[in-house]
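Student: Submitted below is the structure of interest, expressed as structure tokens.
Please treat every number below as a calculation from the coordinates, not as lab data. Remember, predicted model here, so these are calculated numbers, not experimental data. Cβ: placed from backbone, ideal geometry, glycine included. Neighbour counts: every protein chain shown.
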Amino acid sequence: MRLVGKVGVIGAVAAATVLAAGCGSSSDNKAASTTTATAATSAAATTTTQSKGRECTADDIKVDGGFGQAPKITIPDDCDPPKQLIVKDLVAGSGPAAKAGDELTMNYTLVTWSDKKVLDSSFTRGEPFDLPLGAGKVIKGWDQGLVGVQQGARRLLIVPPNLGYGAGGRGMKPYETLVFVTDAVKVGS
């Protein structure tokens, strides 16, 4: 598995925790049975959560700060997390639109829906993240949500659990909705 960022850089473990795709290991069988039990428990807990009557949209999420600055992301309390991937450009970019196979250099901040706290931020580390788009090296929400991004764009991604970490792990609560603000530092080689 390719680690996110440079090994040995402060925060590389946190970045790998948040963005790396899963890899196989001998501990996967034990983790799979734990994940299954956790999934069943969490699914039951999720169904008892009181709905607020509507799903949030991109316009409900408040983002302060401009391209290149660490964003402040505010998730409202009066709506439910969306069940579908939400993608919205907050700042327009220019140049070719990213497609599968393109190399991207991204900055990002991640806020978890359930506790509305920053879980990870490449802005804080001062180190953008490189990835090959569509290669399965990141969560599906990124591989799908960054298609079409242009260099210089700031993009909001609201990632439902099925396109993020599902039953949990990697520092995530089970069935967590993820809110990313990403800056496309570079698109293409």
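Student: Asp89 - would you say it is among the acidic types (Asp, Glu) and not in a loop (DSSP other than H, G, I, E, B)?
Tutor: The answer is yes for Asp89.
Student: Can we say Val185 is among the β-branched types (Val, Ile, Thr) and either touching a Gly at 6+ places or on another chain (Cβ under 8 Å) or buried (at least 23 other Cβ atoms within 10 Å of the Cβ) (or both)? I'd like the intermediate steps shown before the answer.
Tutor: Values: among the β-branched types (Val, Ile, Thr): yes; either touching a Gly at 6+ places or on another chain (Cβ under 8 Å) or buried (at least 23 other Cβ atoms within 10 Å of the Cβ) (or both): no.
No.
Student: Go through the residues of the range 93-102 one by one and say whether even a single one is part of a strand (DSSP E or B), buried (at least 18 other Cβ atoms within 10 Å of the Cβ) and either of a type in the set (A, V, I, L, M) or within 17 Å of the chain's Cα centre (by Cα) (or both).
Tutor: No: zero hits.
Student: Of the residues in the range 77-114, how many are free of Cβ contacts under 8 Å to residues at least 60 places away in the same chain and closer than 19 Å to Arg54 by Cα?
Tutor: So the answer is 4.
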